[in-house]
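Okay, structure first, notes after.
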């Protein structure tokens, strides 16, 4: 669906590159989690993927069209929800009237359904909403566009606890075999159960690019007070009950992914994690 090809980008001359020779592929029908430390370039990457920024070199191809051409065929089929945004001081109905026409598959019924899930309706004025309420409205509109690609930067920031729960349900409802959703966030506990694929980036490199199923087939994520397990743990965090541990999955255990553990393991032991993904190929040879 989307190919990021050897992107290099800098915000100012004479300063270091935010991204250098960075490449990534996005396939259709998946929910991607984009993870990285502060300053790793996640927000920059999403802006480049949407065509809002121009790279120094490289390109982003969306359905074989360079996004920097800003062609209607591309713009009408992708939507970007940035971490910070402004909405005009108009009624929601006016906002939908003047903006929905840019997206051929926009559904008013979907919009109303998503708003109801957030406990809101269409009879509201955007200028009278809190930031959290505006985020709920904007994400409802974004999902209702039914674009093939939806990019979201820190979507759960500013949401209350019920709102975060509804957000997860909405993403599960909004994904289909022809659509991809990329979610960049530091709030990993808000999204870990809805992801199909994980991308971890650092220093302009993709440290991990794998499906959740593949990750969980190679690692198990457990909490235990058995200290003997620590010697084989790839990464561990202390808890009141003992330790959260990411272990080699030698018994084909079926455990839910823990993104906090995975992220820490990839950053602290990148070679060991990479070796476990490649060992199967080496054995086959």
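What follows is calculated from the coordinates using simple rules that are stated; it is not laboratory data. Computed from a predicted model, the values in this text were never measured in an experiment. Positions of Cβ are backbone-derived with ideal geometry, glycine not excepted, and every protein chain shown enters the neighbour counts.
Take the Cα of residue 252, step 7 Å along the line toward its Cβ, and report every residue of the stretch 168-201 whose backbone nitrogen sits under 14 Å from that point.
Answer for the stretch 168-201: none.
When the helices in the chain are scored as -39500 (n - 2.57) per DSSP H run of 4 or longer and the sum is shared across all residues, what 222 nm value do you end up with, to the nearest 500 deg cm²/dmol?
Details: 9 runs with 90 residues, N = 285.
Rounded to the nearest 500, the figure is -9500 deg cm²/dmol.
Please identify, among 73, 175, 234, the residue showing maximal mean-square fluctuation in a Gaussian network model of the chain using a 10 angstrom Cα cutoff.
73
Relative to the longest principal axis of the chain, what angle (0 to 90°, nearest 10) does the C-alpha long axis of helix 131-144 take?
So the helix axis and the longest Cα principal axis differ by about 90 degrees.
Rounded to whole Å and sorted largest first, what semi-axes of the equivalent ellipsoid does the C-alpha gyration tensor of the stretch 198-260 yield via the square root of 5 times each eigenvalue? Don't skip to the answer; put the middle values down first.
On the way: eigenvalues 100, 42, 19 Å².
Output for the stretch 198-260: semi-axes of 22, 14, 10 Å.
Quick one: work out Rg over Rh on the C-alpha atoms of the chain, Rh as Kirkwood radius. Intermediate results must be reported in sequence, preceding the final value.
Details: Rg = 20.3 Å, Rh = 20.4 Å.
Using Cα coordinates only, the ratio equals 1.00.
Given the stretch 86-172, what whole percent of its Cα pairs are spread farther than 21 Å?
Percent of Cα pairs beyond 21 Å in the stretch 86-172: 23.
Report for the chain the percent antiparallel among DSSP-assigned beta bridges with both residues inside it, nearest 5. Please report the intermediate quantities before stating the final value.
Details: 30 of 47 bridges.
So the antiparallel bridges in the chain amount to around 65 percent.
Angle, helix 259-268 long axis vs. longest principal axis of the chain, Cα atoms, 0 to 90°, nearest 10?
The two axes meet at around 60 degrees.
Taking the Cβ-Cβ separation of residue 52 and residue 228 as r and a Förster radius of 51 Å, what is the calculated FRET efficiency to the nearest 0.05? Each step should come with its number before you reach the end.
Details: r = 51 Å, r/R0 = 1.01.
Calculated transfer efficiency: 0.50.
Sorted by packing (mean other beta-carbon atoms within 10 Å per residue), highest first, where do 121-130, 154-163 land? Intermediate results must be reported in sequence, preceding the final value.
Values: 121-130: 12.7, 154-163: 16.8.
Top to bottom by mean Cβ count within 10 Å: 154-163, 121-130.
For residue 173 and residue 109 in one chain, what is 0.36 nm times their gap in residues minus the Cα-Cα distance, to one decimal in nm? Before the final figure, lay out the partial values.
On the way: separation 64, 0.36 × 64 = 23.04 nm, distance 1.35 nm.
Difference between extended and current length: 21.7 nm.
Take the alpha carbon atoms of the stretch 67-137, find their center, do the same for the stretch 153-232, and report the distance between the two centers in whole angstrom.
25 Å
Against the longest principal axis of the chain, how steep is helix 270-284, in degrees 0 to 90 to the nearest 10, with axes from Cα atoms?
Value to nearest ten degrees: 70.
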